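*Asks:* Can you read through this structure? Questions will come right after.
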Amino acid sequence: MAQPISRRTVLRGLGASLALPWLDAMTSRSRAAESLDKPPVRTAFLFMPNGVVPKHWDPPQKDNDQFDLTPMLKPLAGVKEEFLLLENLWNEQTVGRNGHWPKVPAFLSGGFVVRTSGRDMDTGGTSLDQMMARKIGNRTPLPTFELGVDPARNGIDNIGGGFTRIYGSHIAWRDPHTPVPKEIIPQLAFDRLFRTSSAGPVVSGFNPNQPQVVKSLQRDDTSVLDLVRDDAKSLQRKVGIQDRAKIDEYLDSVRSVERRIESALKPQKRWINEGRFDVPRPGPGIPKDHQEHVRMMLDIMVLAFWTDSTRISTFMFGNAQTGRNFSFLDGVKGSFHQLSHHREQEKERDMYEAIGTWHITQLAYVIDKMRSLSEGESTLLDNSMLLFGSTIKDGNRHDEHNLPVILAGRGGGTIRPGRRLTAPKDTPLCNLYVSMLQRMGIQTERFGDSTGELKGLS
């Protein structure tokens, strides 16, 4: 007979700790005091810089329950029933400011960002993810999980109004003056979930080449599964057949992420010429393929939710004015920010739209991934709120009105997706945040510049 186990059970080994997915054995009445009676709600915030092409984003229909997917939303066709297209939301405090830098930290706070060279940063508010963490972050090993792909930028954009570029590098702010570093190296993000260290985590977001990061990447590369193998075998003897299969599936998914990290960082076999041509060894850690990098980070975020290592995460597809070159896309030549100022030139606008559409494809990927993971009678996506958005609507004009915002998931059964929700014109984005806080079990009536809840989510 299967033995009941605690929801807090983890597999342990020397230097590793691996949380478990939801198992049937965790629902035993004898362990009810230690176990959640239902899966928790998770929240992720996905930020895309540089806006969209409005006419290829906004559906022309007025019917909120029936709308056609516009060209930029076409990648979401297979998951249309899983998200809400939100309209007429904005951050009023960003109007009339610089096109990029002050808008990014305001994304999750709605605050007024003070112009500064960096010595006296003030975003006007704590970000929503960190506010959630203050209330419920102590329920998981990681209060929040900050991820991205671009290292933070410093310096001042004198052409752009004298704002520090640090503003554009972070959407997570512990308080109005302190950004939360984001992890950009997949291996270190993965290690934060499963490896234990008395020295604490090393975060690469400010400088992936700093000595501490390099040292962290050079440590023992034994699979985390090897480290907890004995504990896993002991646990499997205590649970039923279905739970054994679920544990095997879960461990396979962990190992799959490990293998992808390994293959992305190891050089492929190649021709070796005679003689020497010395080149300094590059710092390890970041995959050369941008899509693989993005999807690794998204998979690790999903794994963090799946193992209940955290319930709150942020992911930045890029910093403000990111100079990332997207020439790996067919027909695209240039960087995202450069092409966002297309001046309505058709060729440049089409390339800009292709980059934005690529980002929507990544959103569709993570939505589909999360809905494929079962949690009891529901899915991980059912028990999540996945917010995707940008801080400007039209990248060419830096328009702050009617921001491009998508909310996927059902928030534990409290959200009805598969629709378009059109709020009154210039509704505070923070109204949505009040509603999200409440769905995370945090009772509040105000956040940022909110005027109430966002009506119509359920």
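*Asks:* Given the structure, is residue 150 closer than 20 Å to residue 48 by Cα, in contact with a Phe, Trp or Tyr (Cβ under 7 Å, 6 or more places away or on another chain) and of a type in the set (D, E, K, R)? Explain how you work it out, then say what you get.
*Replies:* Working: closer than 20 Å to residue 48 by Cα: yes; in contact with a Phe, Trp or Tyr (Cβ under 7 Å, 6 or more places away or on another chain): no; of a type in the set (D, E, K, R): yes.
No; evaluated as a whole, the condition is false for this residue.
*Asks:* Considering only residues that are under 18 Å from residue 405 (Cα atoms) and open to solvent by 30 Å² or more (accessible area, probe 1.4 Å), look in segment 91-101 and name the one that is modelled with the lowest pLDDT.
*Replies:* The residue in question is 95.
*Asks:* I've got another one for you. Kindly establish whether residue 320 is at pLDDT 95 or above and touching a Phe, Trp or Tyr at 6+ places or on another chain (Cβ under 8 Å).
*Replies:* In short, no.
*Asks:* A follow-up question, please. Checking the condition surrounded by 15 or more Cβ atoms within 10 Å (Cβ to Cβ) and not in a loop (DSSP other than H, G, I, E, B), which residue from 113, 104 passes?
*Replies:* 104
*Asks:* Does residue 398 satisfy the condition of being modelled with pLDDT under 95 and either open to solvent by 10 Å² or more (accessible area, probe 1.4 Å) or among the hydroxyl-bearing types (Ser, Thr, Tyr) (or both)?
*Replies:* Yes.
*Asks:* Looking at residue 361, is it open to solvent by 30 Å² or more (accessible area, probe 1.4 Å) and within 23 Å of residue 104 (Cα to Cα)?
*Replies:* When the stated conditions are applied, residue 361 passes them.
*Asks:* Right, here's the next one. When the residues of segment 264-315 are narrowed to those that are hydroxyl-bearing (Ser, Thr, Tyr) and out of contact with any Asp or Glu (no Cβ under 9 Å at 6 or more places or on another chain), which ends up modelled with the lowest pLDDT?
*Replies:* Among those residues, the one meeting the criterion is 307.
*Asks:* So, one more: Just a yes or no: is a residue in segment 435-444 open to solvent by 20 Å² or more (accessible area, probe 1.4 Å), among the charged types (D, E, K, R) and at pLDDT 95 or above?
*Replies:* yes
*Asks:* If residue 19 satisfies every condition in (1) at pLDDT below 70; (2) more than 26 Å from the chain's Cα centre (by Cα) but one, which is the exception?
*Replies:* Going through (1) at pLDDT below 70; (2) more than 26 Å from the chain's Cα centre (by Cα) one by one, residue 19 breaks only (2).
*Asks:* Right, something else. Within segment 77-101, restricting attention to residues that are in contact with a strand residue (DSSP E or B) (Cβ under 6 Å, 6 or more places away or on another chain) and of a type outside the set (A, V, I, L, M), which residue is farthest from residue 152 (Cα to Cα)? First the steps, then the outcome.
*Replies:* Pass one, segment 77-101, residues in contact with a strand residue (DSSP E or B) (Cβ under 6 Å, 6 or more places away or on another chain): 82-90, 98, 101.
Remaining after also requiring of a type outside the set (A, V, I, L, M): 82-83, 87-88, 90, 98, 101.
Working: 82: 32, 83: 30, 87: 30, 88: 30, 90: 25, 98: 19, 101: 13 Å.
Across segment 77-101, the extreme among qualifying residues is 82.
Every residue, every condition in (1) open to solvent by less than 40 Å² (accessible area, probe 1.4 Å); (2) over 22 Å from residue 390 (Cβ atoms), yes or no:
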residue	(1), (2)
144	yes, no
151	no, no
162	yes, yes
172	yes, no
175	no, yes
179	yes, no
182	yes, no
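*Asks:* Restricting attention to segment 288-321, and to residues there that are open to solvent by less than 10 Å² (accessible area, probe 1.4 Å) and assigned to a loop (DSSP other than H, G, I, E, B), which single residue is farthest from residue 145 (Cα to Cα)?
*Replies:* Looking at the filtered set, the residue picked out is 320.
*Asks:* Among the residues of segment 61-85, what is the count of those that are within 13 Å of residue 409 (Cα to Cα) and in a helix (DSSP H, G or I)?
*Replies:* 4
*Asks:* Got a number for residues in segment 387-417 being outside any loop (DSSP other than H, G, I, E, B) and in contact with a strand residue (DSSP E or B) (Cβ under 6 Å, 6 or more places away or on another chain)?
*Replies:* 7
The values are calculated or read from the model by the stated rules, or taken from the named source; none is laboratory data. Quick caveat, the model's predicted, so the values are computed rather than measured. With ideal geometry, Cβ positions are generated from the backbone for all residues, glycine too; neighbour counts draw on all protein chains shown. For accessibility, only protein heavy atoms count, side chains too; no ligands or nucleic acids. Shrake-Rupley method; radii C 1.70, N 1.55, O 1.52, S 1.80 Å.
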